[in-house]
Amino acid sequence: MELVFTEEDICVIDDAVTSDELIRINRQLSGECWRYGWPVNLAPHARPCWHSFIVGRKRPEGLCAVDELKSHEQWGFLVDFWQRIKSTHMPTAILLGVYANGQTVGQDAPIHRDNKVDESGLTVVMFCNEYWPSSWGGELVFYDHRKENILKSVLPKPGRIVIFNGHVPHGARSPAVTCDQLRMTLAFKTII
Ligand SMILES: O=C(O)CCC(=O)C(=O)O
Ligand SMILES: [Fe+2]
């Protein structure tokens with residue numbers, strides 16, 4: 001049976017991140033943490049993106065990453081954010097991993113799903129840039145199950161998060177040529 005999605009599978013929440021959290025996240029992401037070439041995009045002319053692993057060493061076994069996050073020297077403060085979002089919006093979610101994505105102009109991410117068909121999950125994407133005019137684009141675009149229509153397109157905004165059904169095909173658009181920043185997000189991957 002085909003899974004059919006609606007806008008209800010995608011929930012945009014503004015002011016979900018405190019200004020203190022955003023400052024700390026930006027401090028971390030301005031360090032030497034980036035690795036080039038992930039996720040692997042095999043499409044012709046694709047530009048690889050930037051990636052920064054945070055937690056999720058036991059993700060292949062489906063094990064919870066909260067203790068790993070709590071004890072993380074640089075990123076441990078994110079546990080408060082995670083617990084707040086989980087208890088308010090996704091109480092049954094098990095956190096499997098957290099990482100950062102970085103994109104500059106031309107680095108469109110491939111359209112993908114976050115969870116396999118036989119595994120239900122919700123993803124939280126946090127937009128991390130402290131300044132982002134709408135003209136910089138870089139939308140996170142969600143598609144219907146056949147990838148023929150756009151269900152929703154969400155602009156980055158400081159403090160904004162998106163919680164969505166990990167079966168929904170989606171992809172982050174690259175920022176516009178006028179953007180002189182790295183488009184940065186944090187992704188929290190879960191199963192429910
Ligand atoms: O950066 C984004 O807006 C989306 C990231 C994403 O889809 C992912 O990490 O799986
Ligand atoms: Fe994704």
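Quick note: the coordinates plus some simple rules give every number you see, no bench work behind them. Just so you know, these numbers come straight off a predicted model, no measurement behind them. Don't worry about glycine lacking a Cβ; one is built from the backbone with ideal geometry, like all the others, and counts go over all protein chains shown.
Modelled spin-label separation between residue 153 and residue 116, with each label point placed 7 Å from Cα along the Cα-to-Cβ direction: 3.3 nm.
Once Rg and the Kirkwood radius are both taken over the C-alpha atoms of segment 45-88, their ratio Rg/Rh works out to 1.10. A Förster radius of 22 Å, combined with the Cβ-Cβ distance separating residue 177 from residue 74, puts the computed FRET efficiency at roughly 0.10. Based on C-alpha pairs under 8 angstrom that are at least 6 apart in sequence, the chain has a relative contact order of 30 percent. Can you tell me how segment 34-114 classifies by the Cα gyration tensor, rounded, prolate or oblate, using a/c under 1.5 as the rounded cut? Note, shape of segment 34-114 comes out prolate.
Computed from the Cα positions only, the extents of segment 1-150 along the three principal axes stand at 42, 35, 31 Å, in decreasing order.
Using a cut-off of 26 Å between Cα atoms, the listed pairs 116/157; 70/189; 70/147; 86/116; 58/157; 58/147 include 116/157; 70/147; 58/157; 58/147 as exceeding that distance.
For residue 35 and residue 61, a Förster radius of 30 Å and the Cβ-Cβ distance give a FRET efficiency of 0.85, rounded to the nearest 0.05.
Taken about its Cα centre, the chain carries a charge dipole of roughly 360 debye when the Cβ of each Lys and Arg holds +1 and the Cβ of each Asp and Glu holds -1. Compared with the rule-of-thumb size 2.2 N^0.38 Å for a compact globular protein, segment 112-192 has a Cα radius of gyration ratio of 1.12.
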